[in-house]
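Here the structure comes first, spelled out in structure tokens, and everything after it is commentary.
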Amino acid sequence: MTVRLCLYAALLIVVQPLAGCADDGSRNEQAVDRNVGADTDAAAPGGAEYDHLIVAFGDSLYAGYGLDQDEGFAPELQRALGERGLSVRVVNAGVSGDTTAAGRQRLAFTLDGLDARPDLVIVGLGGNDMLRGISPDQTRANLVAILEELDDRDIDAMLTGMVAAPNLGEDYGNAFNPIYPELAERFDVPLYPFFLDGVIQQPGLMLPDGIHPNADGIDAIVERVGPLVGSEIARQ
């Protein structure tokens with residue numbers, strides 16, 4: 001883990017500009033309108049009908065930055081779950097550049113725009129907060145608000161976590177890194193601790209920017225995350 005995080009820290013110098021998009025609410029709503037429903041037609045084996053609706057609610061790591069539409073996290077997760085015999089539709093609600101504050105702002109808009117209540121919302125936000133050095137207290141508060149909104153709507157949630165790069169300092173890391181496990185415990189939701197685990201240190205699995213997974217990287221992530229998602233859906 002230490003080697004992986006040191007490499008991650010070095011890569012942050014290259015990717016700082018990637019955190020600067022989608023700041024205002026109007027751009028977020030346009031992005032959500034474009035992404036919601038941007039999943040594949042094969043929502044279930046043998047047709048467009050499905051038994052379970054999943055929303056992948058996150059930033060560029062979920063949105064499929066730099067990839068073809070069918071290569072991102074949502075469509076690949078949908079395919080993987082289908083291969084496990086689960087009848088699912090996975091909606092891509094990832095918006096590049098989103099912070100937890102931006103995600104909090106657009107959550108209701110996203111949920112209200114769906115044609116059914118989701119069975120599971122996978123929340124993957126916080127990476128851009130960390131890149132910008134936003135106070136971990138703000139990140140935590142925004143994620144709490146997102147999870148409370150889902151709880152109020154009786155929608156199951158899952159978290160995929162992020163870790164602070166060591167170059168942000170020990171104090172920042174000590175405040176940021178516990179957010180995801182502590183909130184997973186507080187809200188009793190499953191957690192995949194680090195979305196890029198096993199991928200970010202592998203150049204062959206990353207885009208040239210060094211921070212976003214390529215198509216093979218997404219496949220590797222889905223191979224790890226998919227069983228956890230599948231278990232949550234199977235128990236419903």
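Data for the structure
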read-out	value
Residue in the range 70-84 that is modelled with pLDDT under 85 and closer than 26 Å to Gly133 by Cα present	no
Residues of the range 58-96 classified as surrounded by fewer than 20 Cβ atoms within 10 Å (Cβ to Cβ), part of a loop (DSSP other than H, G, I, E, B) and not hydroxyl-bearing (Ser, Thr, Tyr), total	5
Count - residues of the range 102-152 that are in contact with a helix residue (DSSP H, G or I) (Cβ under 7 Å, 6 or more places away or on another chain) and among the charged types (D, E, K, R)	8
Test result for Ala102, within 18 Å of Gly161 (Cα to Cα) and free of Cβ contacts under 8 Å to residues at least 24 places away in the same chain	no
Of all residues making up the range 97-115, the number that are surrounded by fewer than 23 Cβ atoms within 10 Å (Cβ to Cβ) and in a loop (DSSP other than H, G, I, E, B)	4
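Matching residues to (1) buried (at least 16 other Cβ atoms within 10 Å of the Cβ); (2) closer than 23 Å to Gln78 by Cα; (3) of a type outside the set (D, E, K, R):
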residue: Arg117; (1), (2), (3): no, yes, no
residue: Asn128; (1), (2), (3): yes, no, yes
residue: Met162; (1), (2), (3): yes, yes, yes
residue: Tyr172; (1), (2), (3): yes, no, yes
residue: Ala175; (1), (2), (3): yes, no, yes
residue: Glu185; (1), (2), (3): no, no, no
residue: Pro213; (1), (2), (3): yes, yes, yes
residue: Val225; (1), (2), (3): yes, yes, yes
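The values are calculated or read from the model by the stated rules, or taken from the named source; none is laboratory data. All of these numbers come straight from a predicted model, not from anything done at the bench. For neighbour counting, all protein chains shown are included, and Cβ atoms are generated from backbone atoms with ideal geometry for every residue, glycine included.
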